[in-house]
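Engineer: One structure coming up, written as structure tokens, with questions to follow.
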Amino acid sequence: MKLTVQAPAKINLYLDVVKRRENGYHDIESIMHTVSLSDTVTVELTDKDITLSSNFPHVPTDEKNIAYKAAKAFFEAANIEGGASIHIEKHIPVASGLAGGSTDAAATLKALNELCGYPLSEEELLRVGGGLGADVPFCILGGCAICEGLGEVMTPLPPLKGMTVLITRGGEGVSTPRAYGMIDELYGEGVNCRHADFDSTVNAIKENSIGALFSGAYNIFEEVILPVHSTAKAQKDILLEHGADLAMMSGSGPAVFGFFKNTASANAAASAIRKFGARAFICETV
């Protein structure tokens with residue numbers, strides 16, 4: 001049996017680092033939202049072994065791939081002896097702060113659960129996903145949600161459906177561990193607190209107050225990444241110059257996204273981004 005599913009990217013409408021744990025991990029306060037930019041993941045059950053392939057040559061196809069790890073973790077959690085053939089058609093830029101790997105893992109878990117007759121409940125699937133990566137549980141559920149703790153503590157929010165988003169990606173990738181290290185270096189003990197008005201941004205989404213949401217949107221990683229990643233800074237400036245109502249980095253970057261009033265204005269901005277030499281993807285919130 002074979003199943004093909006979409007694996008949508010996420011953007012962060014808000015992202016703050018509020019605590020550094022003794023083990024070096026960080027607690028966050030974030031608002032994540034899925035967008036229509038997606039990878040396509042095809043999963044087929046096999047008698048044994050897990051194999052993985054991709055149209056993108058830089059994607060690892062062995063145990064290093066989080067989708068491979070997801071398949072292995074699923075079979076162990078479901079107590080099933082079997083294998084799977086996984087093919088990932090990449091469209092989401094890698095190492096960009098868009099949860100490209102996490103969403104592939106989430107899609108793999110959901111596809112295997114369906115193909116095997118739903119041996120795992122949603123709660124169990126989320127627990128398996130949480131063991132793979134902080135963004136995987138959100139990618140399993142999708143939509144819009146507050147994500148706290150390491151990212152696994154989720155509270156659903158009303159999704160912002162059908163809003164035009166332009167995502168841009170250029171320059172070198174950003175190491176997530178290094179980005180967190182830069183936050184620690186910048187704030188020191190001051191990392192153990194809120195750095196922006198999280199509650200007001202949450203309320204803006206609940207009340208569908210888009211203007212207030214755009215005013216309150218925040219990403220702490222912009223403070224450490226944009227000063228040293230000139231390409232990301234330039235892309236943000238281009239989006240704002242071409243009429244974006246909001247332009248901000250997603251996750252630890254370096255991808256930048258902008259909200260536009262319509263597709264025509266997003267197309268004009270995308271043209272400018274491509275002339276600059278970066279990639280541009282027009283999509284919408286889902």
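The values are calculated or read from the model by the stated rules, or taken from the named source; none is laboratory data. Everything numeric in this text was worked out from a predicted model, so none of it was measured. When we count neighbours, we look across all protein chains shown, and the Cβ atoms used for this are built from the backbone with ideal geometry, even at glycine. Each accessible area value is taken on the protein alone, full model and side chains, heavy atoms only, with ligands, DNA and RNA left out. Shrake-Rupley method; radii C 1.70, N 1.55, O 1.52, S 1.80 Å.
Engineer: Could you rank M248, M163 by how accessible they are, 1.4 Å probe, largest area first? Display every interim value, and only then the final one.
Structural biologist: Values: M248 5, M163 40 Å².
Largest accessible area first, the residues go M163, M248.
Engineer: Which pairs in the list K48/K69; K161/K275; K19/K261; K236/K261 are over 25 Å apart, alpha-carbon to alpha-carbon? Walk me through the numbers before you get to the answer.
Structural biologist: Details: K48/K69 15 Å; K161/K275 29 Å; K19/K261 36 Å; K236/K261 17 Å.
With Cα atoms farther than 25 Å apart: K161/K275; K19/K261.
Engineer: Let me ask you something else. So if I average 1/r over every pair of distinct C-alpha atoms in segment 94-217 and take the inverse, what Kirkwood radius in Å does that give?
Structural biologist: 16.9 Å
Engineer: Another question, if that's okay. Compute the FRET efficiency between R21 and A264 as 1/(1 + (r/R0)^6), taking r as their Cβ-Cβ distance and R0 = 45 Å, and round to the nearest 0.05.
Structural biologist: Result of the calculation: an efficiency of 0.45.
Engineer: Sort the following peptides by mean Cβ neighbour count (other Cβ atoms within 10 Å, averaged over residues), highest first: 20-28, 172-180. Write out the running numbers ahead of the final one.
Structural biologist: Values: 20-28: 13.3, 172-180: 15.1.
The most tightly packed comes first, giving 172-180, 20-28.
Engineer: Highest mean first, what order results for 212-224, 92-104, 269-281 on Cβ atoms within 10 Å?
Structural biologist: Details: 212-224: 20.1, 92-104: 25.0, 269-281: 18.0.
In descending order of packing, they fall as 92-104, 212-224, 269-281.
Engineer: Heads up, I need the accessible area for K19: 1.4 angstrom probe, whole protein in place, Å², nearest 10.
Structural biologist: Spelled out: K19, probe radius 1.4 Å, area about 100 Å².
Engineer: Something else now. What per residue convex hull volume, in Å³, do the alpha-carbon atoms of segment 189-286 yield? List each step's numbers first, then the result.
Structural biologist: Numbers: hull volume 10.6 nm³, N = 98.
That works out to 108 Å³ per residue.
Engineer: Which listed residue (H26, C116, V165) has the Cα farthest towards the positive end of the charge dipole for the chain, taking +1 on Lys and Arg C-beta and -1 on Asp and Glu C-beta about the Cα centre?
Structural biologist: V165
Engineer: Please find the FRET efficiency linking T61 to N203, where r is the Cβ-Cβ separation and R0 is fixed at 41 Å, and quote it to the nearest 0.05. Walk me through the numbers on the way to the answer.
Structural biologist: Numbers: r = 44 Å, r/R0 = 1.09.
According to the calculation, E is roughly 0.40.
Engineer: Also, quick follow-up: So what does the Cα-only Debye profile of the chain read at q = 0.10, 0.12, 0.13 Å⁻¹, as log10 I(q)/I(0), no solvent term?
Structural biologist: -0.52, -0.75, -0.88
Engineer: Using a 1.4 Å probe on the protein chains only, how many percent of the accessible area of the chain belongs to carbon and sulfur? Display every interim value, and only then the final one.
Structural biologist: Values: 6180 of 12540 Å².
Accessible surface attributable to carbon and sulfur in the chain totals 49 percent.
Engineer: Please give, to one decimal in nm, the separation of the simple spin-label points placed at T155 and S53, each 7 Å out from Cα toward the Cβ.
Structural biologist: 4.6 nm
Engineer: Sticking with this structure for a sec: Take each complete run of DSSP H in the chain, measure how far its Cα atoms stretch along the helix's own axis, and keep only those covering 15 Å or more with mean Kyte-Doolittle hydropathy at least 0.5; list them.
Structural biologist: Numbers: long enough: 66-78 (18 Å, 0.64); 100-115 (22 Å, 0.07); 176-187 (17 Å, -0.40); 230-241 (16 Å, -0.34); 263-276 (19 Å, 0.28).
The answer, listed by residue number, is 66-78.
Engineer: Length gain on complete extension for the stretch Q6 to Y118, per 0.36 nm per residue less the alpha carbon to alpha carbon distance? Present the calculation step by step, with values, prior to reporting the outcome.
Structural biologist: Working: separation 112, 0.36 × 112 = 40.32 nm, distance 1.83 nm.
Answer, rounded to one decimal: 38.5 nm.
Engineer: Placing unit charges on C-beta atoms (Lys and Arg positive, Asp and Glu negative, everything else neutral), compute the dipole magnitude of the chain about its Cα centre in debye, rounded to 20. Walk me through the numbers on the way to the answer.
Structural biologist: Values: 23 positive and 34 negative charges, 167 e Å.
Its charge dipole is roughly 800 debye.
Engineer: Estimate the FRET efficiency between E81 and D184 by the formula 1/(1 + (r/R0)^6), using the beta-carbon distance for r and 45 Å for R0, to the nearest 0.05.
Structural biologist: On the way: r = 44 Å, r/R0 = 0.97.
The calculated FRET efficiency here is 0.55.
Engineer: Now a separate question. Can you give me the accessible area per residue for the chain, using a 1.4 Å probe, in Å²? All intermediate terms of the calculation are to be shown ahead of the outcome.
Structural biologist: Numbers: 12540 Å² over 286 residues.
Spelled out: the 1.4 Å probe surface of the chain, per residue, equals 44 Å².
Engineer: Multiply the residue gap between A196 and E172 by 0.36 nm, knock off their C-alpha separation, and tell me the result in nm, one decimal place. Mind showing how you got there, number by number?
Structural biologist: Numbers: separation 24, 0.36 × 24 = 8.64 nm, distance 2.78 nm.
Gain on stretching A196 to E172: 5.9 nm.
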